[in-house]
Amino acid sequence: RPGGGKVDAVDPRKATRSIAAEKKVARGYRKVREESSYARIDFVERRRAGDAIKTELDDMSMRQRAYRPAHHRPIGEDEKKRMAEICTYKGGRALPEEMTNPVLDVMPSERRAQAKEQQRIRDVQRRRQRE
């Protein structure tokens, strides 16, 4: 015989596995998982219909037309003046040291605020003395 096979030998290509017998074997602590209801072909991508593409493009164009950027609070003139004063009198870092004004301990606006607060305190004291 070519290949050296025996006459009573079992054909190795034949399926000898019994699915029914395998199901009877105890699985131990493992949970039995249900068979999937999906076939492999269900996961293959298909060509999309023209209507589906059109609705998606319409949705995208609507979102682009309706886009409105978030509202940002604009910086007011007072804030700009305050920042300019800090850079002018508190030693801003935009210019080299020899090109900047001397650094002041108290900015002019702080000096005005202190004078205003002292005047308010004096007014309160006068009112209390009259009572």
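The values are calculated or read from the model by the stated rules, or taken from the named source; none is laboratory data. Bear in mind that the values here come from a model prediction, so they are computed numbers and not experimental data. Protein only, heavy atoms only, side chains kept; ligands, DNA and RNA dropped before computing areas. Shrake-Rupley method; radii C 1.70, N 1.55, O 1.52, S 1.80 Å.
Every residue, every condition in (1) within 30 Å of SER109 (Cα to Cα); (2) open to solvent by 90 Å² or more (accessible area, probe 1.4 Å); (3) modelled with pLDDT under 85, yes or no:
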| position | (1), (2), (3) |
| --- | --- |
| ARG33 | no, yes, yes |
| ILE41 | no, yes, no |
| ARG48 | no, yes, no |
| ALA52 | no, no, no |
| GLU56 | no, no, no |
| ARG63 | no, yes, no |
| ILE86 | yes, no, yes |
| TYR89 | yes, no, yes |
| PRO96 | yes, no, yes |
For LYS116, state whether it is at pLDDT 85 or above and among the charged types (D, E, K, R). yes
